[in-house]
Amino acid sequence: MTTPAESLQKVFKTLSDPTRIRILRLLEQEELIVGELMDILGMAQSRVSRHLAVLRETGLLADRRDGTFVAYHMILPEEGQWHDAWTLARESLASDPMSERDDTLLRRALAARKSSSGRNFFDSVGPEWDALRRVFGDDLLRARATTMLVQPGLRVADIGTGTGVLALELADLGLDVVGIDRSEAMLEAARQKWRALEQGKSGSVEFRVADAHDLPLESNSVDAAFAHMVLHSLEEPSRAVAEMARIVKPGGQVILVDFMLHDHVWMKQELGLLWLGFAPDTLTEWLDAAGLERPRITQHDPDSTRDLPASFVAVSRKPETSAS
Ligand SMILES: C[S@@+](CC[C@H](N)C(=O)[O-])C[C@H]1O[C@@H](n2cnc3c(N)ncnc32)[C@H](O)[C@@H]1O
């Protein structure tokens with residue numbers, strides 16, 4: 001147990017350092033963060049932090065997390081050795097030139113805080129923001145925000161839907177989706193996923209067994225038709241493109257996603273691909289022959305750590321005047 005003499009010695013030892021007295025004077029008047037103390041005292045962070053660590057041990061400091069900062073202030077006991085010693089120190093220093101200087105700089109720091117609250121932080125962070133902002137983990141939210149542009153209630157077809165990955169995402173956006181595939185096994189997996197998710201979904205999904213070369217949908221009946229990683233599995237992709245163009249309403253879109261032309265022959269053997277990707281000219285030719293407008297084709301390179309072909313997204317609109 002500490003004797004009264006020992007604790008008094010600790011009080012005087014703490015107060016024997018002029019910087020610690022200055023810090024206490026400031027924190028008694030205002031709650032401050034380390035950066036503000038550095039500015040007022042004209043000292044480096046390491047020095048200020050070292051003194052704060054000593055003061056924290058006395059129990060005189062309280063701290064509060066404020067966003068990414070910690071703000072400190074002094075709490076003086078209402079009686080006892082610290083109360084008496086500090087009252088004496090405060091009164092003795094009231095007219096000290098250093099105290100006057102500190103008070104002037106304190107007022108300036110508070111004025112700066114007021115005029116730039118919020119701005120200061122971002123100004124100082126600048127280019128490091130992208131690393132810091134990971135804390136928000138908002139990739140999904142951003143994707144959702146973007147998709148708010150999609151008008152709910154649109155009817156779309158997902159050709160070669162497989163296990164319905166894209167179809168379910170589209171339904172989640174509030175769209176009414178018909179997913180077509182010739183594999184009953186794939187569609188059963190898709191239906192199971194949908195049943196597990198269905199509650200609370202705003203859109204709808206219907207899965208139908210059919211061939212992409214001969215779609216069981218009426219002409220001009222959907223707002224968009226997607227074929228996601230399907231063309232390379234088809235015997236006659238140009239015919240499937242023509243079918244997609246047929247079922248889309250005038251003004252609607254055909255959206256194709258697949259590999260660019262490549263030479264990864266192993267994909268034929270191991271993944272059953274019939275086509276090693278497609279050249280933009282070939283796609284443009286097929287879409288044009290199907291009566292669609294010139295496509296917008298974007299190329300997407302694979303992750304550099306993976307030896308995979310580049311992919312494309314091709315978007316083509318059916319002219320408003322089209323009657324097919
Ligand atoms: C590589 S998977 C892609 C599935 C899905 N679109 C995706 O991205 O996960 C190709 C799908 O096309 C289907 N498929 C292949 N030939 C087809 C055809 N002639 N008509 C309809 N579907 C076909 C397959 O059953 C398979 O589900």
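Any read-out appearing in this document is the output of simple, stated calculations on the displayed coordinates, not a laboratory observation. Everything numeric here is computed off the predicted structure, so don't read it as measured data. Glycine also receives a Cβ, built like all others from the backbone with ideal geometry; neighbour counts cover every protein chain displayed.
The distance between label points at Arg64 and Thr19 comes to 2.7 nm (points 7 Å beyond Cα on the Cα→Cβ vector).
Which order do the peptides 87-99, 24-36 come out in when sorted by mean C-beta neighbours inside 10 angstrom, highest first? Numbers along the way, then the final one.
Values: 87-99: 12.0, 24-36: 18.5.
Taking the mean over residues of other Cβ atoms within 10 Å, the ranking is 24-36, 87-99.
Taking the Cα centre of the range 200-324 as origin and assigning +1 to Lys and Arg Cβ atoms and -1 to Asp and Glu Cβ atoms, the resulting dipole is close to 380 debye.
Considering every Cα-Cα pair within the chain, what fraction, in whole percent, is farther apart than 35 Å? Of all Cα-Cα distances in the chain, 51 percent exceed 35 Å. Here is the tail figure for the range 132-317: Cα pairs spaced more than 29 Å apart come to 24 percent of all pairs. Rounded to whole numbers, the Karplus 3J(HN,Hα) couplings from phi for the range 215-226 are 6, x, 10, 5, 4, 6, 10, 10, 7, 7, 10, 10 Hz, using 6.51 cos²θ - 1.76 cosθ + 1.60 with θ = phi - 60°, and x at Gly and Pro. As a rough guide to protection, the peptides 256-266, 38-48 ranked by mean Cβ packing within 10 Å, highest first, stand as 256-266, 38-48. Taking amide hydrogens as placed 1.01 Å from N in the peptide plane, the amide H of Arg208 sits under 5 Å from those of Gly179, Ile180, Asp181, each at least 5 positions away in sequence or on another chain.
Shape analysis of the range 1-125 based on the Cα gyration tensor places the equivalent ellipsoid semi-axes at 28, 16, 12 Å, largest first. Note on the chain: with charges restricted to the Cβ of Lys and Arg (+1) and Asp and Glu (-1), its dipole about the Cα centre is near 860 debye. Restricting attention to the chain, the count of lysine pairs at 8 or more positions apart or across chains with alpha carbons under 30 Å apart stands at 6. The long axis of helix 184-197 is offset from the longest Cα principal axis of the chain by roughly 30 degrees. Each residue of the range 43-56 is assigned a 3J(HN,Hα), and the resulting list reads 10, 6, 4, 4, 5, 4, 5, 4, 5, 5, 5, 5, 5, 4 Hz, derived from the Karplus form 6.51 cos²θ - 1.76 cosθ + 1.60 (θ = phi - 60°), x at Gly and Pro. Placing +1 on the Cβ of every Lys and Arg and -1 on the Cβ of every Asp and Glu, with nothing else charged, gives the range 1-108 a dipole about its Cα centre of roughly 400 debye.
Would you calculate the separation in nanometres between label points at Asp84 and Thr282, each defined as 7 Å from the Cα along the Cα-to-beta-carbon direction? That separation, rounded to one decimal, is 9.5 nm. Beta bridges from DSSP with both residues in the chain: antiparallel share about 50 percent, rounded to the nearest 5.
Quick check on the chain: helices-only [θ] at 222 nm, where DSSP H runs of length 4 and up contribute -39,500 (n - 2.57) each and the sum goes over total residues. Nearest 500, please.
Details: 14 runs with 147 residues, N = 324.
One gets -13500 deg cm²/dmol as the mean residue ellipticity at 222 nm.
Simple rule: put +1 on each Lys or Arg Cβ and -1 on each Asp or Glu Cβ in the chain, find the dipole, and look at Pro319, Leu105, Leu93; the Cα lying farthest toward the positive end is Leu93. Compared with the alpha-carbon gap, the fully stretched path from Val34 to Leu105 is longer by 24.1 nm at 0.36 nm per residue.
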